[in-house]
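No value in this document is a laboratory result; all are computed from the given coordinates. Please read these numbers as outputs of a predicted model, since none were measured by experiment. Don't worry about glycine lacking a Cβ; one is built from the backbone with ideal geometry, like all the others, and counts go over all protein chains shown.
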């Protein structure tokens, strides 16, 4: 099953309304935002984070912010987290970097959403290059049973 098909099937199974759009390739987050007529903060990155024990989680971070390792480690009560290689992220999720999303992931890893994404419509990866999806962030967090917390810092 293609990435967008897995993405849409999982969203439907969760009762989550998403709007899939095909878009031109972009060389940067800013260019992608411009193509879609939104701001970089409206694009939410789905980052795969690896625990020391070999498990993973998703961190949903707005495009104009970066993950705060100290905040995330404190929230999780751990002293070590890392970003896996592209190959490990693909193995953990079934998605290539640039397309990663918790929806339709090959494994249902826990999701942590930065509080700054709430209360608005966001864009996110949809499982394949050249596609993005629009979704209400609060509905996404609820559908994924995400922990919503302050886990980012300004770029």
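Here are some notes:
- Extension gain, residue 153 to residue 41, is 39.1 nm, computed as 0.36 nm per intervening residue step minus the present C-alpha separation.
- Build a GNM of the chain with springs between Cα atoms under 10 Å apart, and of 26, 113, 59 the one that fluctuates most is 26.
- Antiparallel DSSP beta bridges within region 3-154, as percent of all bridges there, nearest 5: 70
- Residue 12 versus residue 29: modelled label distance in nm, points set 7 Å from Cα along the beta carbon direction: 3.2
- Projected label points at residue 120 and residue 87, each 7 Å from Cα along the beta carbon direction, are separated by 3.8 nanometres.
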